[in-house]
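S.K.: My questions all concern the structure below.
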Amino acid sequence: MERWRLDYIRGLRWLRRHRPVVALRYFERAVESASFSRYLPTASRPSDRSFLSSLFAYLGVALRKVGMRNRGHASLVEAVRLVKRGIPRRALLAGVNEYGMASQATEEADDRHAFYGIKLAHYIRSKRSQRLGTRAEIDMVAELIDEAWCELRNTIDLPRLSPVQKLRLFEKTLVVFPFMSVPEAMKRSDIAVDFSTGRRIGPADRCHCGSGLPYLWCHGRTPGTDEALIGRF
Ligand SMILES: [Zn+2]
């Protein structure tokens, strides 16, 4: 048996014993070796696809259990891209908010997480290294985003806006970070177009990749802070 399948089975075993941290290590190693094998890029056989989909789904569950909810969410989206229906999709639907992010306890927390994710991604994209360096830098960025968030929340009646309106507002709200010199980085570089119709894909439209998920939940997803911090979007 391939190594990634063995790691997947070991991970499952630890997940069943309620040891998500150990399970996570096996699942991550499985994904790593699967992505170096011939499986991940093609995964053309239905049995390979469903095996990989389960791997991403359980990786997502383990990540959620250790508190990395948005990374867990990203992993579930990956699982649904491989196999559209079934457990991964149900797990995804059970924990998703109106932004297509991992849902939080309150609507305000959902808004705040979306704002944080967008602004942190802007900042990281503007950096040549594409990642955050020191603890001091992380604190500085978090503080600036927090200030901007408080001002926004106090000046605008957010509950009256739709998620799409809020996302637009968050995108264009300016947070001035020191050393950030690339204004183009403030714009999303990926405008999705459906080539069969020549139309721009709206947030609520089905994603162009065929996952069956709304674009806002799939390739148009806002990264959560736990993803942005490790530079994965
Ligand atoms: Zn997609």
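The values are calculated or read from the model by the stated rules, or taken from the named source; none is laboratory data. Nothing here was measured: the structure is a model prediction, and the numbers come from that model. Neighbour counts run over all protein chains shown; Cβ positions are idealised from the backbone, glycine included. Note: areas computed on protein heavy atoms with side chains; ligands, DNA, RNA excluded. Shrake-Rupley method; radii C 1.70, N 1.55, O 1.52, S 1.80 Å.
S.K.: With a 1.4 Å probe and all protein chains left in place, how much accessible area per residue does the chain have, in Å²? Write out the running numbers ahead of the final one.
M.R.: Values: 12930 Å² over 233 residues.
I get 55 Å² per residue for the chain.
S.K.: Measuring from label point to label point, each 7 Å out along Cα→Cβ, what is the Arg3 to Asp205 span in nm?
M.R.: 4.2
S.K.: Would you mind putting 62-75, 6-19 in packing order, based on average other-beta-carbon counts within 10 Å, highest first? Don't skip to the end; give the middle numbers.
M.R.: On the way: 62-75: 21.7, 6-19: 16.1.
Highest-to-lowest ranking by the protection proxy: 62-75, 6-19.
S.K.: What does the accessible area of Glu107 come to, in Å² to the nearest 10, when a probe of 1.4 Å is used?
M.R.: Roll a 1.4 Å probe over it and Glu107 shows about 100 Å².
S.K.: Run through all the Cα pairs of the chain and give the fraction in each 10 Å bin from 0, expressed as whole percent.
M.R.: With 10 Å bins starting at 0, P(r) equals 7, 29, 34, 22, 7, 0.
S.K.: What distance in nm lies between label points placed 7 Å from Cα along the C-beta direction at Val176 and Gln104?
M.R.: 2.6
S.K.: When the chain is fully extended, how far beyond the present Cα-Cα distance does Ile87 get from Arg153, taking 0.36 nm per residue of separation?
M.R.: Details: separation 66, 0.36 × 66 = 23.76 nm, distance 3.67 nm.
Between Ile87 and Arg153, full extension yields an extra 20.1 nm.
S.K.: Can you pull the percent of Cα pairs in the stretch 1-120 with separation above 17 Å? Working shown, then result.
M.R.: On the way: 4008 of 7140 pairs.
So the pairs more than 17 Å apart make up 56 percent of the total in the stretch 1-120.
S.K.: For the stretch 3-94, give the magnitude of the charge dipole about the Cα centre (Cβ charges: +1 Lys/Arg, -1 Asp/Glu; no others), in debye to the nearest 20. Don't skip to the answer; put the middle values down first.
M.R.: Values: 21 positive and 5 negative charges, 61 e Å.
The calculated dipole for the stretch 3-94 is roughly 300 debye.
S.K.: Let me ask another. If I compute solvent accessible area with a 1.4 Å probe over the protein chains, what percent of it on the chain is carbon and sulfur? Mind showing how you got there, number by number?
M.R.: On the way: 7020 of 12930 Å².
Heavy-atom surface of the chain belonging to carbon and sulfur, 1.4 Å probe: 54 percent.
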